[in-house]
1. Go through the residues of the range 274-284 one by one and say whether even a single one is out of contact with any His (no Cβ under 7 Å at 6 or more places or on another chain), at pLDDT 90 or above, surrounded by fewer than 15 Cβ atoms within 10 Å (Cβ to Cβ) and farther than 27 Å from residue 147 by Cα.
2. What's the number of the only condition in (1) at pLDDT 80 or above; (2) surrounded by fewer than 15 Cβ atoms within 10 Å (Cβ to Cβ) that residue 6 fails to meet?
3. Which members of the range 172-183 meet the condition of being over 30 Å from residue 258 (Cβ atoms) and at pLDDT 80 or above?
4. Are any residues in the range 261-294 under 17 Å from the mean Cα position of the chain (by Cα) and among the hydrophobic types (A, V, I, L, M, F, W, C), and if so, which ones?
5. Any residue at all in the range 259-269 that is over 16 Å from residue 36 (Cα atoms) and buried (at least 23 other Cβ atoms within 10 Å of the Cβ)?
Amino acid sequence: MVRKHAFTLIELLIVVAIVAILAAILFPVFTRAKAQAQASVCLNNFKQVAMSTMLYMGDYDDRYALSRYTHRLDATSADDKTWVQLILPYGREFRIYKCPSDYTLGIATQAVFDEDLVPGDTYSRYYRASKRTNVGYNYLYLSPLIQTDIFISPLSRTQTEINDLTNMVMFGDSVHRVTPAGLPEGGGSYLIVPPCRFSNQDGMVTDTFKLPDVPNSALYVGDQSWQPIPDPGSEYEPRPSGGLWPWHSNRLTVLYTDGHARRIALDRAATGCDVQPGWSGYVHNRSLYLWDME
């Protein structure tokens with residue numbers, strides 16, 4: 001008589017329990033490893049953007065790229081270009097403007113339809129996709145758009161106008177919009193805005209934008225705005241602040257004007273500033289403020 005060897009029900013249950021325990025232990029490890037890898041890729045992408053920016057500035061008398069040519073809502077690639085398109089020829093890879101942790105919208109340039117696509121113009125098809133990149137530009141300090149009833153005047157500043165290159169944000173992780181539930185949506189934003197404009201130190205008020213004769217209403221800011229950041233331990237999700245978004249475990253990647261990149265907490269982006277809606281709060285410590293040209 002041939003004996004049949006088989007697992008008992010208890011043995012099977014023990015094996016299933018062991019597999020479940022191992023999965024519970026290993027899945028979080030794999031998730032953290034994936035998140036760390038994505039954060040590293042994002043950091044490297046920012047460094048490549050820095051290299052492209054420096055090459056661009058070398059060809060344009062040390063001037064930063066224009067943020068865009070016009071603020072019109074009906075603008076197309078026929079009459080407008082974004083800073084992403086201006087710098088793109090120096091990097092040649094559109095993927096470096098996409099954060100790998102942004103799951104909301106891929107930069108699918110093949111699917112971008114532009115009715116003004118110019119035959120033979122390689123970069124015109126990137127116009128709309130360039131506005132959803134995760135690398136947001138600190139344009140109000142480096143290349144503000146001043147609008148009037150008749151025209152818009154882009155202003156490009158030089159690197160020599162910045163006092164401390166190691167302490168001023170040039171680019172930051174960004175988001176296009178945030179849902180009422182506090183979730184990111186629609187990809188990134190190619191422009192980010194600072195939390196404050198005016199500095200008040202020892203009773204002396206100064207315009208950190210260095211645009212003393214230009215009111216807030218004459219500056220193009222798009223749909224981005226700042227709201228006061230919740231206190232630590234708040235039950236609310238991180239708020240969209242000037243277009244910035246912490247894609248990496250509540251931390252965001254920023255690139256400074258000297259070319260180095262690092263990850264910081266969202267509230268660090270507002271350090272030295274009393275965040276209030278509509279730039280009504282003052283910068284009270286310019287040495288800690290990361291946006292200022294001083």
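The values are calculated or read from the model by the stated rules, or taken from the named source; none is laboratory data. Just so you know, these numbers come straight off a predicted model, no measurement behind them. Virtual Cβ from ideal backbone geometry, glycine too; neighbours counted across all protein chains shown.
1. yes
2. (1)
3. Within the range 172-183, 177, 178, 179, 183 qualify.
4. Passing the criteria: 261, 264, 265, 266, 269, 270, 290, 291.
5. Our first condition is that a residue be over 16 Å from residue 36 (Cα atoms); within the range 259-269, this holds for 259-260, 266-269.
Restricting the remaining residues to those that are buried (at least 23 other Cβ atoms within 10 Å of the Cβ) gives 269.
Scanning the range 259-269 turns up at least one residue that is over 16 Å from residue 36 (Cα atoms) and buried (at least 23 other Cβ atoms within 10 Å of the Cβ).
Yes/no matrix, rows are residues, columns are (1) under 19 Å from residue 133 (Cβ atoms); (2) at pLDDT 80 or above; (3) among the small types (Gly, Ala, Ser); (4) in a loop (DSSP other than H, G, I, E, B):
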residue	(1), (2), (3), (4)
146	no, yes, no, no
163	no, yes, no, yes
170	yes, yes, no, no
196	no, yes, no, yes
206	no, yes, no, no
